[in-house]
Amino acid sequence: MRIAVLADIHGNVLALDAVLDDLERRGGADLVVNLGDCVSGPLWPRETFARLEALRLPTVRGNHDRRVAQDPADDAMWPSDRYAQERLTAAQREALFALPLTLEIAPGIVAFHARPDHDEKYLADAIVDGQLVLAPIAAIKRRLKSLDPACRIALCGHSHRSELIRIPGGPVVFNPGSVGCPAYDDDTPPAHVSEQGSPHARYGIVELGAPGRPDRFEAIAVDYDHEAAAKQAEQAGRPEWAHALRTGFMKD
């Protein structure tokens with residue numbers, strides 16, 4: 001079985017289309033799973049929702065999917081979430097909120113956005129000097145304790161960092177990186193940034209091995225018209241997003 005793994009599209013329909021085209025050139029997949037944070041961002045939330053709705057992918061809820069569905073009167077809403085919320089219908093927002101926290105997409109293979117029991121806390125990362133770094137293995141194991149012991153592959157997103165971690169006595173954790181948002185800053189204490197280091201759209205492929213054979217994991221970076229995405233962010237008044245889309249880094 002061949003599984004394509006998408007995460008953190010963030011309204012970047014250009015990056016999503018580039019990933020889907022690349023996947024088709026590689027022979028496609030038996031299953032494509034979406035790990036959430038579908039539309040939040042100053043780009044194309046309505047168009048991205050429509051594209052995903054037509055694809056009908058197994059999808060889990062990300063923290064920004066939940067936030068986009070919040071009451072519009074919430075003045076604390078983050079700008080990217082508000083931008084998306086204002087461009088979606090009430091029914092579309094409700095559909096995002098109704099997405100499940102976790103999905104078992106195949107026997108022993110579980111998909112979730114951040115952690116299996118929380119859509120916003122990091123699984124494999126710690127914050128050191130304002131940057132995301134790999135967390136200690138003991139911490140990652142504790143964060144996975146709600147998983148069924150039969151889980152052998154855990155698919156997650158949220159950090160926008162491509163990671164492959166084999167947990168001793170536990171599952172393999174695979175984060176494909178972000179389809180549509182190569183860098184971000186988060187001022188929630190402790191404030192930090194995540195940076196992929198290039199503007200490429202990221203996704204992953206998992207090939208399940210036959211009995212007695214190992215599974216294979218591939219993290220893929222796809223070039224696309226990131227300049228058009230950056231200009232869209234600029235038109236929306238978000239120069240920091242434009243810089244991230246062009247470079248994969250946040251400005252100092």
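Annotation: extensible slack from ALA91 through MET250 equals 53.9 nm (criterion: 0.36 nm per residue apart, minus Cα-Cα distance). Starting from the Cα of ALA228, step 7 Å toward the Cβ, then list every residue of the range 15-43 with an amide N under 15 Å from that point. Under cut-off, by backbone N: 15-22, 43.
DSSP beta bridges fully contained in the chain are about 70 percent antiparallel. Working value for the range 39-164: equivalent-ellipsoid semi-axes of 27, 19, 12 Å, each the square root of 5 times a Cα gyration tensor eigenvalue, largest first.
Computed over the chain with a Gaussian network model linking Cα atoms closer than 10 Å, the most mobile of ALA230, ALA191, ALA84 is ALA191.
For the pair GLN235 and HIS118 in one chain, pulling the backbone fully straight at 0.36 nm per residue adds 38.8 nm over the alpha carbon distance. Its DSSP H runs of at least 4 residues, each contributing -39,500 (n - 2.57), put the calculated 222 nm mean residue ellipticity of the chain at -8000 deg cm²/dmol, to the nearest 500.
Taking neighbour counts of Cβ atoms within 10 Å as a proxy for exposure, in what order, fewest first, do TRP241, TRP78 appear?
On the way: TRP241 26, TRP78 17.
Arranged by neighbour count, lowest to highest, TRP241, TRP78 become TRP78, TRP241.
In a DSSP loop and with at most 13 other Cβ atoms within 10 Å, the trypsin sites (Lys or Arg not before Pro) in the range 63-164 are LYS121, LYS145.
Restricting the calculation to Cα atoms, every distinct pair contributes to the Kirkwood radius of the chain, found to be 18.1 Å. Within the chain, what's the longest stretch lacking GluC sites (Glu not before Pro) that sit in DSSP loops with no more than 16 other Cβ atoms inside 10 Å? With a cap of 16 other Cβ atoms within 10 Å, the longest stretch comes to 121-252. Cut-off under 27 Å on the C-alpha distance; same-chain residues fewer than 8 positions from LYS121 excluded. Which lysines are left, in chain and number order? The qualifying lysines are LYS141, LYS145, LYS251. Segment ALA76..ARG51, full-extension length gain: 6.1 nm, with 0.36 nm per residue of separation and the alpha-carbon distance subtracted. Here the range 173-252 and the range 1-79 have alpha carbon centers that stand 13 Å from each other.
Assuming 0.692 mPa s and 37 °C, estimate D for the range 122-210 with Stokes-Einstein, Rh taken as the Kirkwood radius over Cα pairs, in µm²/s. The estimated diffusion coefficient comes to 234 µm²/s. Across the range 2-247, C-alpha contacts under 8 Å between residues 6 or more apart give a mean separation that, scaled by the residue count, equals a relative contact order of 21 percent.
Values in this text are rule-based calculations from the coordinates and carry no lab data. These figures come from a predicted structure and were not determined experimentally. Note: ideal-geometry Cβ built from the backbone for every residue, glycine included; neighbour counts use all protein chains shown.
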